[in-house]
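Visitor: Please see the structure below; I have some questions.
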Amino acid sequence: MTSDPTKVDGNTETARFGGLRFEDFRRMAEDSSLNIYEKIGFPKEFREGHEGRIFSDILTKVGTLTRSRKRVLDVGPGCSELPRMIIRHCVEREHELVLLDAREMLDMLPDERCATKIAGRFPDDCDGLTSHIRDGFDAIIVYSVLQHVFLEANPFVFLDSLMALLRPNGCLLLGDIPNVSKRHRFLSSDAGVAYHRAYLRTNGLPEVKIDQIEHGRITDAVVLGLVERARTAGFDAFVLPQPAELPMANRREDILIRRP
């Protein structure tokens, strides 16, 4: 699952994909008029040709994925090329992979012996996951998902449920988080103004709101609150930047959590 209702400048770059929830993705997965990137809530230009770099960044941050014979959970993988890269990697490394998403999304992904597909919405509607939890996972990937959880559930309960599944030395990546505070900081900079003018072909200035509550959007307070919650629970937690070459690095970031 993916997408982002956040405005980057005066216009919404993903207006048709804003405010998506779990049931929306189920419907979009079966919409034959959408390409694989639109089905997961992105305009094609923000994912096509970029997912190889996204995958490399995930491997850099989640070190347990680069080892062999580990247990991996991907929550909300969607149906683009990225989960296919993850599946192929798990086959090569002999990982045991569990994919958790809507059935309509999972049906679009290839079947492999190492991969178990479980239909459901984490953590409330995924009874099939229980028999696969056993003693936990070495790596958990949750990429471009948190913003949708934020719209319809408690992100702290979501985080608590994920951390409970981590094995010792295991890593949880909450990746590609759209942070509206980060966006405002960027658009307040010279680089942000230049980006805005080039993107919209205008000489105007971007609209920037500082120190305002933005309902339905993730801010610094949410990101740092999740990090603090993880640390309070006994985990190491870090806010990490995305590589500059990723298409939305100027307004998105990742949270990496490790169980000591």
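Visitor: Starting from the Cα of VAL157, step 7 Å toward the Cβ, then list every residue of segment 216-249 with an amide N under 18 Å from that point.
Guide: 216, 226, 229-230
Visitor: If R0 is 22 Å, what FRET efficiency do you get for ARG67 and ALA249 from their C-beta distance, rounded to 0.05?
Guide: Given R0 = 22 Å and the Cβ-Cβ separation, E is 0.25.
Visitor: In the chain, what percent of the accessible surface is made up of carbon and sulfur (1.4 Å probe, ligands and nucleic acids excluded)?
Guide: Whole-percent figure for carbon plus sulfur exposure: 47.
Visitor: Could I ask something else about it? Counting only residues 5 or more places away or on other chains, whose amide H sits under 5 Å from the amide H of ARG47 once H atoms are built in the peptide plane?
Guide: HN-HN under 5 Å from ARG47: empty list.
Visitor: Amide H of THR116: which non-local residues (sequence gap of 5 or more, or other chain) have their own amide H closer than 5 Å, using H built in the peptide plane?
Guide: Distant-sequence amide H within range of THR116: LEU97, VAL98, LEU99.
Visitor: Hey, another quick one. Convert each backbone phi in segment 240-256 into a coupling constant with the Karplus relation 6.51 cos²θ - 1.76 cosθ + 1.60 (shift: θ = phi - 60°), then list the ³J(HN,Hα) values in order as whole Hz, x for Gly and Pro.
Guide: 10, x, 8, x, 4, 7, 6, x, 10, 4, 6, 9, 10, 8, 10, 10, 10
Visitor: So if we plug the beta-carbon distance of ASN169 and THR232 into 1/(1 + (r/R0)^6) with R0 = 25 Å, what FRET efficiency do we get, rounded to 0.05?
Guide: Given R0 = 25 Å and the Cβ-Cβ separation, E is 0.80.
Visitor: Further, regarding this structure: Do any of LYS39/LYS117; LYS39/LYS70; LYS44/LYS182 go past 25 Å between their Cα atoms, and which?
Guide: LYS39/LYS70
Visitor: Follow-up. Using 1/(1 + (r/R0)^6) with R0 = 22 angstrom and r between the beta carbons of LEU34 and ASP111, what's the FRET efficiency to the nearest 0.05?
Guide: With R0 = 22 Å, the Cβ-Cβ based efficiency is 0.45.
Visitor: Please sort 92-105, 119-132, 42-55, 72-85 by packing, taking for each peptide the average over its residues of neighbouring beta carbons within 10 angstrom, highest first.
Guide: Highest to lowest by the protection proxy: 72-85, 92-105, 42-55, 119-132.
Visitor: Using only Cα atoms and rounding to the nearest 10 degrees, what angle (0 to 90) does helix 220-232 make with the longest principal axis of the chain?
Guide: That helix lies at roughly 30 degrees to the long axis.
Visitor: Residue by residue through segment 25-35, what is 3J(HN,Hα) from phi via Karplus (6.51 cos²θ - 1.76 cosθ + 1.60, θ = phi - 60°)? Round to whole Hz and write x for glycine and proline.
Guide: Couplings: 5, 4, 5, 5, 4, 9, 8, 5, 7, 9, 7 Hz.
Visitor: May I pose another question? Counting each pair of different Cα atoms once, what's the Kirkwood radius of the chain in Å, rounded to one decimal?
Guide: 18.7 Å
Visitor: Angle check, please: helix 81-93 long axis (alpha carbons) against the longest principal axis of the chain (alpha carbons), in degrees 0 to 90, nearest 10.
Guide: That works out to roughly 30 degrees.
Visitor: By how many nm would the segment from GLU94 to SER188 grow when fully extended, if each residue of separation counts as 0.36 nm and the alpha-carbon distance is taken off?
Guide: 29.2 nm
Visitor: Further question on the same structure: On average, how much accessible surface per residue is there in segment 74-208, in Å², for a 1.4 Å probe, leaving out ligands, DNA and RNA?
Guide: 42 Å²
Visitor: With unit charges on the beta carbons (Lys and Arg positive, Asp and Glu negative) and the dipole taken about the Cα centre of the chain, which residue among ALA244, LEU97, LEU151 sits farthest to the positive side?
Guide: Of the listed residues, the answer is ALA244.
Visitor: Have a look at the DSSP beta bridges in the chain and tell me what percent are antiparallel, nearest 5.
Guide: For the chain, the DSSP antiparallel bridge percentage is about 40.
Visitor: ALA237: net charge of surrounding residues, Cβ under 15 Å, Lys/Arg +1, Asp/Glu -1, itself excluded?
Guide: -1
Visitor: While we're on this one: Count the net charge of all other residues whose Cβ sits under 9 Å from the Cβ of ASN169, scoring Lys and Arg as +1 and Asp and Glu as -1.
Guide: So the surrounding residues net to +2.
Visitor: Okay, moving on. Relative contact order of the chain: what whole-number percent is it, with Cα pairs under 8 angstrom and at least 6 residues apart?
Guide: 19 percent
Visitor: Can you list the residues, at least 5 places off or on another chain, whose amide H is less than 5 Å from the amide H of ALA102, using H built in the peptide plane?
Guide: Excluding prolines and chain starts, which carry no amide H, the hits are GLY120.
Visitor: Using each residue's phi in segment 176-183, evaluate 6.51 cos²θ - 1.76 cosθ + 1.60 at θ = phi - 60° and report the 3J(HN,Hα) Karplus result to the nearest Hz, with x for Gly and Pro.
Guide: 6, 8, x, 10, 5, 5, 5, 4
Visitor: Rounded to the nearest 20 debye, what is the charge dipole size of the chain about its Cα centre when +1 sits on each Lys and Arg Cβ and -1 on each Asp and Glu Cβ?
Guide: Dipole magnitude for the chain comes out near 480 debye.
The values are calculated or read from the model by the stated rules, or taken from the named source; none is laboratory data. Keep in mind the model is a prediction, meaning the values are calculated, not measured. Backbone-built Cβ (ideal geometry, glycine too); neighbour counts: all protein chains shown. The protein model used for the area step is the full one, side chains on, heavy atoms only, and it has no ligands, DNA or RNA in it. Shrake-Rupley method; radii C 1.70, N 1.55, O 1.52, S 1.80 Å.
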